[in-house]
Amino acid sequence: MIKYTSQYQAQFEDFSTLCQLELDPNNRWIQLGALLPWDRMVEVYAKRFSLNMGAGAVNPRWVIGAFIIKHKLRLTDEETLLSISENPYMQFFLGLEAYRPKQLFSPTLFVELRKRLGEETFDEFSRTLITLSEDIAPSSGGTDTPKGKLKIDATVAAQYIRYPTDLSLVNEARVKTERIIDELWKLVKDQLPVKPRTYRKKAHKRYLSQSKKRKASKASLRKALRYLLNCVERNLGHIDGMLDLLDGRVFPLAHKYQRQLWVIHTLYEQQRGMYDADSRRCDDRIVSISQPHVRPIVRGKTGKRVEFGAKLGLSLFGGYLTHQTISWDAYNEASDLQGQAETHRLLSGHYPELIQCDKIYHTNDNRSWCTERGIRLTALPKGPKPKLSAYEKKKQRDEYAERNHIEGRIGNAKQALSLNQIKAKLQDTSETWIAATLFVLNLSAFAARSGVTF
């Protein structure tokens, strides 16, 4: 007979008072909590926050641990704190002395923490883990002889935004300007009894009729785009007129509306310029009104020719993935190589003996720089091809194939830790999100060295 406790028999009061928690010492959170260098990470944290001032300051171990849990389990800010309040293992990991069913702090604090900590803090966390790895950290004697391998590559940390099209962006600008008109008219209706006409219902129907077409011709798309551009131009004129009625006072609405208006003005100029020139390219192109810092990055990958987010220059050594560059504009990643080699020297005490990279890094400047320092590149020498033995050919193939390790780690970061779905809204908080994700990825490598699966 199956043993079953009826819903009428189970009593919450009895459970909460009589239950004795028996935690498994082999649980991953308990093992990781004992492994992490909390004191050193708190020292890094203290550079951004005062630990002795302020009313009710949050325990720094709670903050650092909450970020680890959030990015490891890919949770929202709210779900992270709910999970911690429900899980005694996580609370032990955070250093609590007893089970606490209430939330440790407000979820809104995550936003402020991302702003205050910045990417530099999580970079220092990663470097702390690297310096604790005996096979990587420089010895006391030091050496200038290059040794080891450094793998480098670039990728895009895609923002979590709607795929941008010219039609949807201009229509979004139309909707937002209509909302600004509604708010401004409330302030000037004594001077302007009749609200300016926006024809929003007609414009909405026009947008839907075009966007729902399965195969839209270029002519019909341009016609719909021209109509929406004219709507935005008219709305901006109405907004300027109502602002003039307010006698040039400080912008009367909330800051978010002022920011939207600045972005929409720029977006309109870009879209009108591209429409008049019958072009699909412009400098510093805006692809999101709420996140105007995001740029299209042309990568040429299969299925994703263009990605929208920050471009990262990454390097991998000893199992740890670090970034040299976070850029919101497209750039040539070949310029990262020398800085990545210098970072390797800073962390390990020596240059790498071999840098494994693809052909875009094989510039004359990089070749000369590496030769001067005794560094080899996985690059064919210029001029006539040298005659190689079968062993040398195999070694050359194997060294170039080993570069795939960094692509695998990037894939882990994107698939397991959502590096391809950055959900922060601001430029600085997005950079913090990226650095935190890489820190948690490095934490997995750090734990694996001690036999802990995380």
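Seen from Ile84, the other residues with C-beta closer than 13 Å to its C-beta sum to a net charge of +1, counting Lys and Arg as +1 and Asp and Glu as -1. Taking a Cβ cut-off of under 11 Å around Lys311, the surrounding Lys, Arg, Asp and Glu residues balance to a net charge of -2, with basic ones at +1 and acidic ones at -1.
Other residues within the sphere of radius under 13 Å centred on the Cβ of Ala390, judged by their own Cβ, net out at +3 (K and R +1, D and E -1). Among the listed pairs Lys151/Lys393; Lys311/Lys414; Lys223/Lys304; Lys149/Lys311; Lys215/Lys301; Lys147/Lys387, which are separated by more than 18 Å between their Cα atoms? From Lys151/Lys393; Lys311/Lys414; Lys223/Lys304; Lys149/Lys311; Lys215/Lys301; Lys147/Lys387, over 18 Å: Lys151/Lys393; Lys223/Lys304; Lys149/Lys311; Lys215/Lys301; Lys147/Lys387. Dipole magnitude for the chain: about 2720 debye, using +1 per Lys or Arg Cβ and -1 per Asp or Glu Cβ, origin at the Cα centre. Computed on the chain, with alpha-carbon pairs under 8 angstrom and 6+ residues apart, the relative contact order is 24 percent.
The order of the peptides 125-133, 206-214, 75-83, 313-321 by mean Cβ neighbours within 10 Å, most packed first, is 313-321, 125-133, 75-83, 206-214. Listed by chain and number, the lysines placed with their C-alpha closer than 22 angstrom to that of Lys47 are Lys115; residues fewer than eight positions away on the same chain are left out. For percent of Cα pairs over 32 Å apart, the value computed from the atomic coordinates appears in the list [x] 56; [y] 42; [z] 52 under label [x].
At the residue level, Glu43 shows approximately 120 square angstrom of accessible surface with a 1.4 angstrom probe and all protein chains present. Roughly how many whole Å is it from the C-alpha centroid of the stretch 345-376 to that of the stretch 274-337? The distance from the Cα centre of the stretch 345-376 to that of the stretch 274-337 comes to 24 Å.
State the answer as a single residue: which of Pro196, Leu236, Tyr163 lies farthest towards the positive end of the charge dipole of the stretch 152-238, with beta carbon charges of +1 for Lys and Arg and -1 for Asp and Glu, about the Cα centre. The one lying farthest along the dipole's positive direction is Pro196.
The values are calculated or read from the model by the stated rules, or taken from the named source; none is laboratory data. Everything numeric in this text was worked out from a predicted model, so none of it was measured. Here the Cβ is made from the backbone with ideal geometry for all residues, glycine too, and neighbour counts use every protein chain on show. For accessibility, only protein heavy atoms count, side chains too; no ligands or nucleic acids. Shrake-Rupley method; radii C 1.70, N 1.55, O 1.52, S 1.80 Å.
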